[in-house]
Amino acid sequence: MRTKIFLLAIIFFFSYYFLCSGEQGKLGIYYFYTPEMGDVSEFEITYTRLVIPWGAIEPKRGVFNWNSTSAQRIERSLEKGIIPIPVIRTVGASWATGGNDPSVSFPPLDLENEFSQEYGFSKSYYLFIKAIAEHWQGKFPIIVIENEVTANNFWQGTMNDYLKLLKTAKKAFMDTGQNIRIADSGLASPIWGLLITQQMLKNGEKKEALEFFNAYISEHPGFKQLSSIHELEEFFAETKVIEVLEEAKFLLDKLPKYVDIINFHYYENPLLLPTVINYLRQRTNNMPLMSNEMGIRYWPYTPELNRKASGDLVKKMTFSLFYGLEACIWFPFENPEHNIIGLIKKYSFQKRPIYFTCKVTVSKLNESVEGTKLNFGEDLYAFKFLNNGKPIWVIWSERNDKTIKLNINSSYAIITHIITNEDSTEPEIEILPVSGKLLNLTATQTPVFIEIPKQIRRRR
């Protein structure tokens, strides 16, 4: 009996170690399973994002429904070999929160001011989280608590209430013997641009702040371009803006003591993503970062929309891997109200070129490691990764086309072009001869993947 228990413990340890050791890839997609979009498991991803609503799992105090739709989605993902990174929300548990809106999270009614060594700040919430931890023991490497808590259409508590949930959730998981990593809710994409702009203004970089602000919000329907530094300063003097940014700064000051990973959402210009990542690392003293909601935002009348959307996906996933995000989960749904471009069109359900580009990109990059940025001058982006020991390059030019010589140490190169028009569902692939192991390549604004073919052993 002791031998059996010991063997089970060993098996659990190594399976959990593999889950959390970083051996798997970092890319993922929101869970979906519809006739129009297909199945998220068709993509070669590591992670998927799902929601665990309190009310769906525990509709009544102490009564748990492990056959709910939310629970079934988690089980289905696990069966397909995809690791869930759930977002746990208090939605729907009116018996515990008193909330009257089933789509909004509310703090538990029994949330206390003092931390209890037995139940944290809330006995009802602690028992709910502990039940999840025990039911899916060892299945989740990361747990996200709530969604965009500075937005009152998602969270109706205070920021201090939210911090209490984080600490209670951490305790519940640790009490089940799981050193699971807790991530915060992620703040909405525009907030990062506003915080960086505000910092630039504070540093006296007023002209640069105006340029950055306009570039950052250029595709967002909730903002307008500003024409002067005076307009920018007036914008940041608005009461609503001040309140939102104060909440965000309060959280950024506190979160390193409450979470293991800082989470952020991002839909804006891909070239500004490194700026956001660097800002967050400086602001949080180099905390690990992840994005459980990354996507694309464009005005619907944008020329060459499909080409730009496909290119942006590759660029954002490339940056996410190169800058070492713990996870990058793509948002696949179209939302015209917010100019969010999905993998399929909202009304016709036609798969966009970005759908097929996403498939190609995750298959090429998900298991890539050891990213290196190559220097070919300004406005040319060239990254080299190792995918299962084999090199793969991602290259594009942001302005004019540029011809470069790339040392690939091979006699041939495989060039994979991403899908940019609605007539194609498969990438165009070229096999080019290489002279002196240097590939002559013309880089354009549309990224390409470059690989070398497997060596064929000659018979003696």
Count of residues meeting criterion [crowded, with 16+ Cβ neighbours inside 10 Å and within 22 Å of P300 (Cα to Cα)] in region 219-250: 4
Counting only helices (runs of 4 or more DSSP H) entirely within region 205-299, those with at least 2 residues that are more than 30 Å from S310 (Cβ to Cβ), under 22 Å from the mean Cα position of the chain (by Cα) and polar (S, T, N, Q) are none
In region 97-121, residue nearest to V87 (Cα to Cα) [restricted to those that are under 29 Å from the mean Cα position of the chain (by Cα) and among the hydroxyl-bearing types (S, T, Y)]: S105
S15 vs. criteria part of a helix (DSSP H, G or I), in the same structural domain as G138 (by TED's automatic domain parsing) and either among the hydroxyl-bearing types (S, T, Y) or at pLDDT 95 or above (or both): no
Of the candidates F356, F385, F331, F319, the one satisfying the condition of being outside the structural domain of L272 (by TED's automatic domain parsing), at pLDDT 95 or above and either closer than 20 Å to I418 by Cβ or crowded, with 18+ Cβ neighbours inside 10 Å (or both) is F385
What strands (runs of 3 or more DSSP E) lie completely within region 352-460 and have 2 or more residues being over 25 Å from I29 (Cα atoms) and not aliphatic (A, V, I, L, M)? 402-407, 428-433, 438-443
For the list (1) farther than 21 Å from V276 by Cβ; (2) buried (at least 22 other Cβ atoms within 10 Å of the Cβ); (3) aliphatic (A, V, I, L, M), I need the number of the one condition that A131 fails. (2)
Can K384 be described as under 30 Å from I143 (Cα atoms) and among the basic types (K, R)? no
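Please specify each residue of region 323-338 satisfying the condition of being touching a Gly at 6+ places or on another chain (Cβ under 9 Å) and in contact (Cβ under 8 Å) with a residue 24 or more places away in the chain.
Y323, G324, E326, A327, C328, I329, W330, F331, P332, F333, H338
More than 27 Å from F264 (Cα to Cα), in contact (Cβ under 8 Å) with a residue 24 or more places away in the chain and aliphatic (A, V, I, L, M): does that describe A133?
Against the criterion (more than 27 Å from F264 (Cα to Cα), in contact (Cβ under 8 Å) with a residue 24 or more places away in the chain and aliphatic (A, V, I, L, M)), A133 does not qualify.
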Residue that is surrounded by the fewest Cβ atoms within 10 Å (Cβ to Cβ), among those in region 388-418 that are within 25 Å of the chain's Cα centre (by Cα) and of a type in the set (A, V, I, L, M, F, W, C): I392
Y412 passes all but one of the listed conditions (1) outside the structural domain of G311 (by TED's automatic domain parsing); (2) within 15 Å of V448 (Cα to Cα); (3) touching a residue at least 40 places away in the same chain (Cβ under 8 Å); the exception is number (2)
Looking for whichever is small (G, A, S) and surrounded by fewer than 18 Cβ atoms within 10 Å (Cβ to Cβ) here; the options are G55, G38. Which one fits? G38
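Test N421 against the stated conditions and say whether it is exposed (fewer than 14 other Cβ atoms within 10 Å of the Cβ) and touching a helix residue (DSSP H, G or I) at 6+ places or on another chain (Cβ under 9 Å).
Numbers: exposed (fewer than 14 other Cβ atoms within 10 Å of the Cβ): yes; touching a helix residue (DSSP H, G or I) at 6+ places or on another chain (Cβ under 9 Å): yes.
The answer is yes for N421.
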Assuming E44 fulfils every condition listed in (1) farther than 17 Å from N366 by Cβ; (2) assigned to a loop (DSSP other than H, G, I, E, B); (3) at pLDDT 95 or above apart from one, which condition is it? (1)
Which of the residues that make up region 160-175 are surrounded by 17 or more Cβ atoms within 10 Å (Cβ to Cβ) and of a type outside the set (K, R)? D161, Y162, L163, L165, L166, T168, A169, A172, F173
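The values are calculated or read from the model by the stated rules, or taken from the named source; none is laboratory data. Fair warning: this is a prediction, and the values are worked out from it, not measured in the lab. So basically every Cβ, Gly included, is an ideal-geometry build from the backbone, and we count neighbours across all protein chains shown.
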